[in-house]
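Notes to accompany the following structure.
The values are calculated or read from the model by the stated rules, or taken from the named source; none is laboratory data. Since this is a predicted model, take the numbers as computed values, not measurements. Cβ coordinates were reconstructed from backbone atoms using ideal geometry, including for glycine residues, and neighbour counts include every protein chain displayed. To get the accessible areas, we keep the full protein, side chains included, count just its heavy atoms, and leave off ligands, DNA and RNA. Shrake-Rupley method; radii C 1.70, N 1.55, O 1.52, S 1.80 Å.
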Amino acid sequence: MRFDVITLFPELFDPFLRTGITRRAFESEQVKICLHNPRDYAHGNYRRVDDRPFGGGPGMVMMAEPLSLALAQAQGQRAQPGKVILFSPQGRALDHVTVQRWAASEGAVLVCGRYEGLDQRFVDRYVDEQISLGDFVVSGGELPAMVFLDAIARLQPEVLSDAQSHQQDSFNPHLDGLLDCPHYTRPEDWHGSPVPEVLLSGHHERIERWRRDQRLLLTARLRPELIVAARASGALDAADERLLDRTA
């Protein structure tokens, strides 16, 4: 799959693409990343890509023309034109279902906004989907784009050391959309805090029940809306419900 990224700061992506376990996906081009700077398509000696908003107000707005030219260049290099994603506070919050959908796709063109935002005419004409990381604002779309690409890369075959690792992630349908359970490693006792005894028992059924119970309890305490969703989907069994009833 191929993701073209339109960004004023392509240098921000270099360490991201070369660091950590997900670099395997980028180096092998399982997830191919191509960077495009709108400034390369701006006119004039200063190659301006932004201007003051009509109607007044603070900040600057990214101009539609350099963005559209960068987009045309990106689309022209693709085997097939890709959907255009804009990272924006107005977008739908990124979740595991969205990540899975794009992880199984042919890729897309990612637009990283800056300043007060983009000329709305570019958004109206070209953008197919808007994605947000949550109800807060960051300085630009580069960080959301990297989060998005990291989440996609780790779902690709042979990227993680353990092929089943992402199956245990929070929000994964494999875990019925619940949060993940706590994890422990050596030493068995750390400053007077021991590892839960069941994890040392070697009894796989008891261990799996403990992990399931911990997922349920943690989710009920921190993200109760996920319990509601799991019930609605029929993902909870009688043992799950008894545990939740006892701890309500």
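Taking 0.36 nm per intervening residue step and subtracting the Cα-Cα distance, what contour gain separates V97 from D40 on full extension? Length difference between fully extended and current span is 17.0 nm. Surface composition of the stretch 1-117: carbon and sulfur make up 51 percent of the accessible area, probe 1.4 Å. For the stretch 48-89, the residues whose backbone nitrogen is under 15 Å from a point 7 Å from the Cα of E116, taken along Cα to Cβ, are 50-64. For the peptides 128-140, 104-116, residues were scored by their other Cβ atoms within 10 Å and the scores averaged per peptide; the highest-first order is 104-116, 128-140. Under the shape rule built on the C-alpha gyration tensor, where the axes satisfy a ≥ b ≥ c, the stretch 52-91 is oblate, since a/c reaches at least 1.5 while a/b does not exceed b/c. Stokes-Einstein diffusion for the stretch 123-163 at 20 °C, viscosity 1.002 mPa s, with a Kirkwood radius from C-alpha pairs, works out to 172 µm²/s. The magnitude of the dipole of the chain, with charges of +1 and -1 set on the Cβ of Lys/Arg and Asp/Glu and taken from the Cα centre, is near 300 debye. Would you compute, from DSSP H runs of 4+ residues alone, the mean residue ellipticity of the chain at 222 nm, taking -39500 (n - 2.57) per run and dividing by the full residue count, rounded to the nearest 500? Helix contribution divided over all residues of the chain: -10500 deg cm²/dmol. Residues within the reach of a label modelled at E158 (point 7 angstrom out along Cα to beta-carbon, backbone nitrogen below 14 Å), restricted to the stretch 26-56, are 26-31. In this rough spin-label picture, where each label sits 7 Å from Cα along the Cβ direction, the D128-D189 distance is 5.9 nm. Here's how it looks for A108: its modeled amide H is under 5 Å from those of R2, F3, D4, which are all 5 or more places away or on a different chain.
Once the Cα-Cα distance is subtracted from the 0.36 nm per residue extended length, the R18 to S233 segment shows a gain of 73.4 nm. Is the shape of the chain best called rounded, prolate or oblate, per the rule: a/c under 1.5 gives rounded, else a/b larger than b/c gives prolate, else oblate, with a ≥ b ≥ c the square roots of the Cα gyration tensor eigenvalues? Prolate, since a/c reaches 1.5 and a/b exceeds b/c. A 1.4 Å probe run over the protein chains yields, for the chain, 59 Å² of accessible area per residue, whole-number rounding. Annotation for the stretch 184-223: chymotrypsin sites (Phe, Trp or Tyr not before Pro) lying in DSSP loop with at most 16 further Cβ atoms inside 10 Å of their Cβ are Y184.
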